[in-house]
1. Kindly sort E58, E28 by accessible area of their heavy atoms, largest first, with the probe set to 1.4 Å.
2. Taking springs between alpha-carbon atoms closer than 10 angstrom, which of T34, T115, T62 fluctuates most in the Gaussian network model of the chain?
3. For the chain, take the longest principal axis of its alpha carbons; what is the angle in degrees between that and the long axis of helix 49-80, to the nearest 10 within 0 to 90?
4. In square angstrom, what is the accessible area per residue of the chain with a 1.4 angstrom probe?
5. Treating only the Cβ atoms of Lys and Arg (+1) and Asp and Glu (-1) as charged, compute the dipole magnitude of the chain about its Cα centre; round to the nearest 20 debye.
6. Run the reach check for K91 against lysines, Cα to Cα strictly under 28 Å, same-chain hits fewer than 8 apart removed. What comes back?
7. So what's the angle, to the nearest 10 degrees on a 0 to 90 scale, between helix 95-105 and the longest Cα principal axis of the chain?
8. What residue among S105, S12, S92 has the largest mean-square fluctuation in a Gaussian network model of the chain, using Cα springs under 10 Å?
Amino acid sequence: MFRHILVPTDGSKMASQAAAQAMALAAEMNAEITLLAVAEPFRMLAIDSDEYRNQQQEHERTAASNCEAMLLRQKLRASDKGVLCKTLVIKSNDIAKTIVDTADSLDCDLIAMATHGRSGLSSLLMGSVANGVIAKAHIPVLVYR
C-alpha cells in the first residue's frame with residue numbers, strides 16, 4: 001500500500017516511539033523510509049554582531065551534529081528491522097511546511113509522525129507541528145500519540 005514513508009523526528013521519546021512504529025509498518029509493507037530532522041535556525045536578540053556570528057556558528061555546528069547523531073541511531077534501528085532508510089537534515093523556520101514540502105519532493109505516500117499532545121493555551125502559544133502538517137499535507141498523515 002505505501003512505498004515511501006517520511007518520518008519526521010525531533011529526537012524526543014515520543015518521536016522515537018513513533019519512528020519505531022513507522023519502521024515496523026514499513027517492514028510489513030516492504031516500504032522505504034526517510035527520517036527527517038528539521039533544525040530551526042539560530043535566533044538571539046540584542047548582542048553585538050561578532051558575538052552573534054560566533055553564537056550562530058556554534059549553534060549550527062551543535063544542531064547539525066545532534067541531528068546527525070539522532071538520525072544515525074534511528075537509521076541503525078531501521079536497518080535492524082530490514083528497512084531501507086535514508087536520512088535528511090534541513091534547516092528551516094517553518095517545520096510543518098518543510099515536512100510537507102519534503103514529502104512532496106521525495107514522492108512519499110505517507111507521513112508518519114508523533115504529536116506531543118499539546119492542548120489548550122500551550123497549543124495556542126507553541127502551536128502544533130502535527131496540526132500544521134495535517135492541514136497542509138496532500139498525502140495521508142499517520143499521527144502517533
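1. Working: E58 90, E28 155 Å².
My answer, sorted largest first, is E28, E58.
2. T62
3. On a 0 to 90 degree scale, this one is about 10.
4. Values: 8410 Å² over 145 residues.
Result: 58 Å² of accessible area for each residue.
5. Details: 15 positive and 16 negative charges, 93 e Å.
Here the size comes out at about 440 debye.
6. Partners within reach: K13, K75, K136.
7. In the chain, helix 95-105 runs at an angle near 50 degrees to the longest axis.
8. S105
The values are calculated or read from the model by the stated rules, or taken from the named source; none is laboratory data. Keep in mind it's a predicted model, so treat the numbers as computed, not measured. A quick note on method: Cβ atoms are made from the backbone with ideal geometry, for glycine too, and the neighbour counts reach across all protein chains shown. To get the accessible areas, we keep the full protein, side chains included, count just its heavy atoms, and leave off ligands, DNA and RNA. Shrake-Rupley method; radii C 1.70, N 1.55, O 1.52, S 1.80 Å.
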